[in-house]
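Okay, structure first, notes after.
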């Protein structure tokens, strides 16, 4: 990764946005009775990944705050994985689609961990 000036340029942020967009499109077909439970939860957690990354970027002056917000983003990524599995269990997603989404989450998680491990590079 080369030098970036804004959080919008971060590959992990771009991936997180793509993931939340894909989840949004897929959840449009979820049944109405899931609107205030599974649909809202998976949309909220997947959108929060990018929001936490943006907040982390704003807190780069303080390494511990930066790391904390990235850890929150990773927590949202894990929560999103839970909701994907719940949708699979409820037969609202196919195994193929859930595997695709879970892999995207794992990539985001690895990228977040790499940023945490190299937080000095982002905060200096």
Filter segment 58-98 down to residues that are assigned to a loop (DSSP other than H, G, I, E, B) and surrounded by fewer than 15 Cβ atoms within 10 Å (Cβ to Cβ), then give me how many there are. 5
Of (1) touching a residue at least 24 places away in the same chain (Cβ under 8 Å); (2) assigned to a helix (DSSP H, G or I); (3) surrounded by 15 or more Cβ atoms within 10 Å (Cβ to Cβ), residue 113 satisfies every one except (3)
Taking segment 26-35, which residues are assigned to a helix (DSSP H, G or I) and surrounded by 15 or more Cβ atoms within 10 Å (Cβ to Cβ)? 26, 27, 34
Out of 51, 56, 16, which single residue is closer than 19 Å to residue 115 by Cα, in contact (Cβ under 8 Å) with a residue 60 or more places away in the chain and out of contact with any strand residue (DSSP E or B) (no Cβ under 7 Å at 6 or more places or on another chain)? 16
Testing residue 23 on (1) surrounded by fewer than 20 Cβ atoms within 10 Å (Cβ to Cβ); (2) in contact with a helix residue (DSSP H, G or I) (Cβ under 7 Å, 6 or more places away or on another chain); (3) within 18 Å of residue 112 (Cβ to Cβ); (4) in contact (Cβ under 8 Å) with a residue 60 or more places away in the chain, one condition comes back false. Which one is that? (1)
Kindly indicate whether any position in segment 30-40 is within 13 Å of the chain's Cα centre (by Cα) and modelled with pLDDT of 95 or more. no
Determine if segment 36-57 includes at least one residue that is assigned to a loop (DSSP other than H, G, I, E, B) and loosely packed, with under 13 Cβ neighbours inside 10 Å. no
Starting from segment 88-108, keep only residues that are closer than 12 Å to residue 26 by Cβ, then list their pairs with residues that are loosely packed, with under 13 Cβ neighbours inside 10 Å whose Cβ atoms are within a distance under 9 Å, requiring at least 6 positions of separation or different chains. 88/94; 88/95; 92/29; 92/31
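The values are calculated or read from the model by the stated rules, or taken from the named source; none is laboratory data. Since we're looking at a predicted model, the values are computed, not measured. Backbone-built Cβ (ideal geometry, glycine too); neighbour counts: all protein chains shown.
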